[in-house]
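Taking it in order: structure first as structure tokens, then the write-up.
The values are calculated or read from the model by the stated rules, or taken from the named source; none is laboratory data. As the structure is a prediction and not an experimental result, all values here were calculated from the model. As a convention, Cβ positions derive from the backbone with ideal geometry for all residues, glycine included, and neighbour counts pool all protein chains shown. Remember, those area values only see protein heavy atoms, side chains included, never the ligands or the DNA or RNA. Shrake-Rupley method; radii C 1.70, N 1.55, O 1.52, S 1.80 Å.
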Amino acid sequence: MFGSSKKSVVNTSAGPSGNVETLIGKTTSLNGVLNSDGSVRVEGMFEGQITAKGDIFIGPDSRIKAEINGRNVTISGTVTGNVSVNEKLELLAGATLNGDIKVKKLVIEEGAVFKGISETKNEIAKPMASVTPAK
């Protein structure tokens, strides 16, 4: 606009989903229950419960003590608490997660730490096939 036709792009996305509707900044500390129909990005400190119909991104300097529920969750900071994810949980290098997880897909990068029990969710429970022993 002012002498240049090139656009500078700054990525402020919550990860795979794109747009962030709720942002908790680096200098913010919150306690309580956070419910969102969209995506959430936490860069500061949070204690309580986070539930989002969209994606949840936990920044590298974040310190979270919470139960977390979301569509996709990406962690690069420190989380203490159980995490339930409808799709994919990603623990990026430098992340620490102390808690049990229920996930459909799990990605743990080299350098991430996970202490807890993991359970894989199935989208649709498939019936067991009957097996007839061979004679």
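Between Leu106 and Lys121, the contour length at 0.36 nm per residue exceeds the Cα-Cα span by 4.3 nm.
The 1.4 Å probe gives accessible areas that order Glu110, Glu90, Glu119, largest first, as Glu110, Glu119, Glu90. Using the Cβ of Ile58 as centre and a radius below 15 Å, the other residues enclosed give a net charge of -1, where K and R count +1 and D and E count -1. Charge tally around Gly38: other residues with Cβ under 15 Å, Lys/Arg +1 each, Asp/Glu -1 each, net 0. Take the Cα of Ser29, step 7 Å toward its Cβ, do the same at Asn86, and the gap between the two points is 3.3 nm.
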